[in-house]
Structures are given as C-alpha cells and as structure tokens.
Amino acid sequence: MKQSCQPLLSVISGTRSLAELDLSDWNQLLRQAGGAGLISRIGLEADACGLAERLADPVQRRLIAARTLADRQRHAVAWEARKLDQALAPLQIPVVLLKGAAYALADLPPSRGRLFGDIDILVPKSSLGQVEAALRLHGWHGTHHSDYDQRYYRHWMHELPPLTHIRRQSHLDVHHNLLPETARQQTKPDRIIEASRRLEGYAALRVPCLEDLVLHSATHLFHEGEWGNALRDLADLDALMRHGITTNDEWHELLDRAESLNLMLPVALALRYCRRLLETPVPEDILTRSERRLSRLLWPLRDALFLRGFSTAHANCRLRGARLAAFVLYVRAHALRMPMKLLLPHLIHKALEGHEHTKT
C-alpha cells in the first residue's frame, strides 16, 4: 500500500516534503490527491512551505483551482449552518453538527482545504418529527419517495431520508443515532449530545467534543462501506488526533469513551490504519488495548481487505484485488447494519432496482 499510494501518503503524513518532488512526482501526487479529495489540502501545504509560486504553471493552476473550490464550499457550509440555525432554533433542542460541517464551524484542522458534500446533523430521536416539519417549512424536502426507501430509513436506519433544499440544492442528513436501529452494535447518541458544546453565535447548533468527533469519523469510515472518500476520512482522523490527542492520558480517555459508547471496533481499526498508512503517533500500549477484544486470527484478512479498500482512491493507487475487496467491504458494512433476515432481501431489492434503472 505504501508503495502504491506514494507520494500521496508520505506527503499527508509529513514524512516527505513537497520541496523534494519533481514534476513526475507532482503529476502522480495530483492524480492520487484528486481521487482522494485532498488536492486543496496539498495546496495549503504548498503555501505553508512557501512553494506555491515556485511550482510549474500547470501544478499552480490545479492547486489554485482546488483551493478556490474548497474556500467556496466552506463559505457555503457556513451559510447553510446559519440557515439551519434559523430554522431549528425555535424548537429549543440541541442540534449537533457532524463530520465536515463540525470541523468547519469549529475551525478544526481537518476543515482546512477540505471538500464538503452534504451537511450532517444529530438531533434527539424524540424530536425528529418537529425537526422534519421545521425543515420542510424552510425549504428542505426528501429525495427518496418510494414506499420501500421510506420504510428503510424510518424503521431501520439511524437517519431520516436525505433532504435537499428546494432552491439552494444543498443536501442535509438528519441523524438520530450514529448506527442504524438494526445494527449489531448499539451506541448511545444521547451521551454524544450531552457532551457537545454550543457554537458561539448560534442559538441551536453545537459540535461534539473532540473524542466524539474521532469516534463518529471512525464509525462512519468503517461502518458505511463508502470507500471513495476513505483516504480523506483517514486523513481527517489523523489531523484530529494530532491536534488534540497527544498525551497518554488523552489517548486512554479516547479509549474509555469508545468503550462507554460501544465503539471500540471502529476506533481500533482507525488507530491501526492511521498509524500504518499515515504514521499517526499512536502509542503501542494504546494500539494493544484497542485491539484486545478483536480476534488476532482475523487481522491478516482485515489487512488484506482494508488496505485494498484504501487503495481505491485512484487507478494508479489500486492494489491487485482492490475492486473485489471494496465489494466485500460494502457487503460487510451492510451486514454490520442489518441482520441477515433483512440484509438478503435488501440487497436483492437494490440489485433489482439497479437493473430496472439500467433498462430505462
């Protein structure tokens, strides 16, 4: 994996300076970073090193374009957050931003140069009806209208059907939990809401504590089965941990929090692959403690699958068998989310639905 995704991993981890790269290296780096959604982050690093104006014109243009797009998206996220706050503040409930929006509004390291897709929020399950009604009044409407999709989200999942704003076309996911109702593991979203902190200047919006940001990012990465942005999400985790989890006590507090929320599995995977791929300074005793409850016999299989999953960012990153591994990880994610009696009918339904779409 290290060899297939060089120089991207070495640049992200800080083990290789951008100043060392020749034009051929830059060509490979930009291809890989583009696939992983990390070009604007590379551009910020080039600025910080004072390299931007010394680079070849094609490289400069690509970095400028990426940074411009990231800046626009960050401003758009801030605007949408303000609109969300206006829509939901009258309900007088906590509205917790997750992932990219939380990084941006809290000005955390992963937000710098990050590209944003939809906005994710976490609200108390008991308030879902009020939240959905308020959002509809302010222009957000559902995108999944079939009876099957409505039942899938409202009875099985941890979120409402995705919402899109009718005018701005912004995308919003409203969560009431980190894991689906049907998942093998169950966590405690109320504790995450309780430990969140209010954002200055907003009436309703909050962000999770740092430990919970790490836990949610790890859970999303290793439970969702979406490998297109996997390296970006791993880089987010690396940046969060380097920023705020540096002492031995803080590492143990992270694992204590993971145990209390029943999220040790995704955290163990996150720590292992952050250290292996990005050289995140995870202490050995922390890695040992996080992996204690996981079968050692399965690590060769986990490594074979996850390292190939992370290699799917771009064609010149991919290890042999990467597509098969990504498919197995997709099925694994669904198996974690649903018991077999629901999973098999769901996969068959989606396969038939996809077949119908290709015919039309």
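Given the rule -39500 (n - 2.57) for each run of at least 4 DSSP H residues, summed and divided by the residues of the chain, what is its mean residue ellipticity at 222 nm, to the nearest 500 deg cm²/dmol? Don't skip to the answer; put the middle values down first.
Working: 16 runs with 204 residues, N = 360.
Rounded to the nearest 500, the figure is -18000 deg cm²/dmol.
Beyond 17 Å, what percent of the Cα pairs of segment 102-212 remain? Don't skip to the end; give the middle numbers.
Numbers: 3743 of 6105 pairs.
Above the 17 Å cut-off, segment 102-212 has 61 percent of its Cα pairs.
If you roll a 1.4 Å probe over the heavy atoms of the protein chains, what accessible area per residue do you get for the chain, in Å²? If you can, show how the numbers build up before the last one.
Values: 16750 Å² over 360 residues.
It amounts to 47 Å² per residue over the chain.
Report the local net charge at GLY321: Lys and Arg +1, Asp and Glu -1, summed over other residues whose C-beta lies under 13 Å from its C-beta. Can you show the working numbers first?
Details: positive: ARG308, ARG318, ARG320, ARG323; negative: ASP303.
That works out to +3.
Quick one: with all protein chains in place, what share of the accessible area of segment 1-97 is carbon or sulfur, to the nearest percent (1.4 Å probe)? Please list the in-between numbers first.
Details: 2340 of 4770 Å².
Answer for segment 1-97 is 49 percent, counting heavy atoms of protein chains only.
Who wins for biggest fluctuation among LEU319, LEU297, LEU240 in a Gaussian network model of the chain, springs between alpha carbons below 10 Å?
Of LEU319, LEU297, LEU240, the Gaussian network model singles out LEU297 as fluctuating most.
When all protein chains stay in place, what accessible area (Å², nearest 10, 1.4 Å probe) is found for HIS252?
50
With Cβ to Cβ distances under 14 Å as the rule, what net charge do the other residues near ASP85 carry (K, R +1; D, E -1)? If you can, show how the numbers build up before the last one.
Numbers: positive: ARG82, LYS83, ARG198, ARG206; negative: GLU80, GLU200.
So the surrounding residues net to +2.
Using the alpha carbon gyration tensor of segment 46-96, what are the three equivalent-ellipsoid semi-axes (square root of 5 times each eigenvalue), largest first, in whole Å?
Values for segment 46-96, descending: 38, 10, 6 Å.
Per q in 0.12, 0.20, 0.21 1/Å, what log10 I(q)/I(0) does a Debye calculation on the alpha-carbon atoms of segment 1-149 return?
The Cα Debye sum returns log10 ratios of -0.64, -1.16, -1.25.
Along its principal axes, what span do the Cα atoms of the chain show, with the longest given first and each in whole Å?
Answer, in whole Å and largest first: 55, 55, 48 Å.
Residue by residue through segment 270-280, which ³J(HN,Hα) values in whole Hz follow from phi under the Karplus form 6.51 cos²θ - 1.76 cosθ + 1.60 (θ = phi - 60°), with glycine and proline marked x?
4, 5, 4, 7, 4, 5, 6, 9, 10, 6, 4
Which of GLU250, GLU20, GLU200 ends up with the largest GNM mean-square fluctuation for the chain, with Cα atoms connected below 10 Å?
GLU20
Tell me the net charge near ILE166. Cut-off is 14 Å between Cβ atoms, ILE166 excluded, with +1 for each Lys or Arg and -1 for each Asp or Glu.
On the way: positive: LYS83, ARG136, ARG167, ARG168; negative: GLU80.
That sum, taken over residues with Cβ under 14 Å, equals +3.
With N set to the number of residues, divide the alpha-carbon radius of gyration of segment 225-339 by 2.2 N^0.38 Å and report two decimals.
Working: Rg = 14.5 Å, N = 115, 2.2 N^0.38 = 13.4 Å.
Here the Cα radius of gyration is 1.08 times the empirical estimate.
With θ set to phi - 60° and the Karplus curve 6.51 cos²θ - 1.76 cosθ + 1.60, what are the ³J(HN,Hα) couplings of segment 50-66 in order, to the nearest whole Hz, using x for Gly and Pro?
Here the 3J(HN,Hα) series is x, 9, 3, 7, 9, 7, 4, 3, x, 5, 4, 4, 5, 5, 4, 4, 5 Hz.
How big is the convex hull of the Cα atoms of segment 239-305, per residue, in Å³?
87
Using Cα pairs closer than 8 Å and at least 6 residues apart in sequence, work out the relative contact order for segment 179-241, in percent.
Once normalised by length, the contact order is 21 percent.
Which of ARG275, ARG296, ARG323 ends up with the largest GNM mean-square fluctuation for the chain, with Cα atoms connected below 10 Å?
Maximum fluctuation in the GNM of the chain, among the listed residues, is at ARG296.
I'd like to know how segment 34-122 sits against the 2.2 N^0.38 Å rule of thumb: what's its Cα Rg over that expected value? Could you put the intermediate results ahead of the total?
Working: Rg = 15.6 Å, N = 89, 2.2 N^0.38 = 12.1 Å.
It is 1.29.
The values are calculated or read from the model by the stated rules, or taken from the named source; none is laboratory data. Predicted model only: the values in this text are computed from it and were never measured. FYI the Cβ positions are ideal-geometry reconstructions off the backbone, even for glycines, and counts take in every protein chain you see. Just so you know, the surface numbers come from the protein's heavy atoms only, side chains and all, with ligands and any DNA or RNA stripped out. Shrake-Rupley method; radii C 1.70, N 1.55, O 1.52, S 1.80 Å.
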